[in-house]
Structures are given as C-alpha cells and as structure tokens.
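Contents: one structure, followed by commentary.
No value in this document is a laboratory result; all are computed from the given coordinates. Computed from a predicted model, the values in this text were never measured in an experiment. Using ideal geometry, Cβ is built from the backbone for each residue, glycine included, and neighbour counts are taken over all protein chains shown.
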Amino acid sequence: MKIGNLELENNIFLAPMAGITDLPFRLICKENGAGLVYTEMVSAKALLYGDEKTKLLLKTCKEEHPLAVQIFGSDLDAIAYASKYVSQIGEIVDINMGCPAPKIVKNGDGSKLLLNLDLVEKIVKTAVENASVPVTVKIRLGWDSENIVAVEAAKIIEKAGASAITVHGRTRSQYYSGQADWNMIKKVKESVSIPVIGNGDIRSGRDAKKALEQSNVDAIMVRKSISWESLDF
C-alpha cells in the first residue's frame, strides 16, 4: 500500500493513543507486524512554543520507521510550524480531527473541528503547504448523530491536498460506546480517491478481515498489535 510517495509493507496500522503509543510500545507493535505506527498526538501550539516535554513525546529510532507523527490544533501558525518540524522526524504528518476528550475539544481542536469544515480545509491546506512529507487526517463520523459529516469532510480534506484519511466509525458524542459504523466508513471510501483507513472495534484478526471485506478500505487502524499472519488470508 502507498500513501503519497511512501510505500508500506502492509495495511495494518497502529492507532495513535495518548499515554500508550510511546517508543517502546511502537517498537513492540512494529516487531509484531504493524505496517505503520503513529506517535501519541502532540500539540502543534506546544511545538511552536518550544515545549520540551512535548518534544520528548517525539523520541524515535530507525527501527520503527516508517513513522507517522500525529499533531493536533486549530491555530494555523502553529499548524504551519508543527508540520515543518515533524516532517524532519517522521514519514507522515497526521492531523488529529477526531479526539473526543473534553480538554481537547474545549479549545476547538480534535473532533470539534468537524463542526467547522471551513477551518478543516484551511488547516489541511496549511499543513500540506508546510510539510515536506505526505499529510494525512484522522476524523470521526461527525460531532453527533445530527451532524454526520464524514463524507463531506473527506471530500474537503482530499481537495485540500491530503494523501490519506482515517475514519473512526463513531461520532464524538459516542466516545467509544456502541459499535463502529463500518457502512459509513465504506461510504467515505466510495466518495474519495485517496486511501481511506478504517478504525473502530478491530480486536482480532477475524475482525480485521471482516472490516476490510465489508468496507473495501485500503487499510485498517487498530488499538493493539495484531500480527499480519493472524489474518489468515
């Protein structure tokens, strides 16, 4: 599978998880067959201000590459700076537009951006203009059941220059409750030409295989390590 000009060994990716996907964890997942691993999400504004604790989250080593570095934020100056900065660390700049945490959305970041698609477009354009590696975006289906915007957002993100999009099959209001809607993820896949990565409720090789077949996505993103061999293709 390819994202932009980056060719990956397989299409099973490790999801970025705050407080979990540090360097040792990513290395373990890489050893168990992950085709792409992601850092914990880091604040674009914190990078702009030179926060040393934030920089520590970006510690890496050659054995885990290719690596996607996930940033979050809504300030365009911070996005521009962070996109340049992390382009020197990983092979992909990923923008988080799906985090449901109150401390993130209260500042207009994460999944709150799905209520402002004009700003989504500006953020992606800014990142693409400043990054020297492919830019990808992670979203949810929308803010709540009354605001399902995944297809519309995906089209905007693609037009703005992103190289791939990840969709978690829940709304922000669901957090992690209920079941991920892979039919909606499939609709996103059918609406754009860039690669789509599906995310949600992948707990086993059987789940992974079913999700790939049901949605026809290009890749899946999991919240724990799954060996490629366990898919039994």
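Among the chymotrypsin sites (Phe, Trp or Tyr not before Pro) in region 115-197, those placed in a DSSP loop whose Cβ has at most 16 other Cβ atoms within 10 Å are 175, 176. Taking 25, 72, 13 in turn, the Gaussian network model of the chain (Cα-Cα springs below 10 Å) assigns the largest fluctuation to 25. Measuring nothing but how far apart in sequence close Cα pairs (under 8 Å, 6+ apart) lie, relative to its length, region 2-231 scores a relative contact order of 19 percent.
In whole Å, what is the distance between the alpha-carbon centres of region 47-99 and region 142-180? A separation of 21 Å, based on Cα centres. Each stretch of four or more DSSP H residues adds -39500 (n - 2.57); spread over every residue of the chain, this sum gives -9500 deg cm²/dmol at 222 nm. Altogether, the Stokes-Einstein calculation at 20 °C and 1.002 mPa s, with the Kirkwood radius of region 113-233 over Cα pairs as Rh, returns a diffusion coefficient of 146 µm²/s. Among 126, 54, a tally of other beta-carbon atoms within 10 Å of each Cβ gives an order, fewest to most, of 54, 126.
Each residue of region 53-61 was assigned a 3J(HN,Hα) from its phi angle through the Karplus curve 6.51 cos²θ - 1.76 cosθ + 1.60 (θ = phi - 60°); the sequence is 5, 5, 4, 5, 5, 9, 4, 9, 8 Hz, with glycine and proline shown as x. For region 33-113, evaluate the Debye formula with one uniform point scatterer on each Cα (no solvent term) and list log10 I(q)/I(0) at q = 0.13, 0.18 Å⁻¹, rounded to two decimals. For region 33-113, the Cα-only Debye profile gives -0.38, -0.71.
Taking the fewest neighbouring Cβ atoms within 10 Å as the starting point, the ordered list for 140, 223 is 223, 140.
DSSP beta bridges fully contained in region 2-231 are about 10 percent antiparallel. Here the average projected area of the convex hull drawn through the C-alpha atoms of region 1-156 stands at 8.9 nm².
Legend: ranking of residues 189, 159 from fewest to most surrounding C-beta atoms inside 10 Å; resulting order 159, 189. In this Cβ point-charge picture (+1 for Lys and Arg, -1 for Asp and Glu), the chain has a dipole of about 340 debye about its Cα centre.
Using a simple spin-label model with pseudo-atoms 7 Å out from Cα toward Cβ, residue 5 and residue 173 lie 4.4 nm apart.
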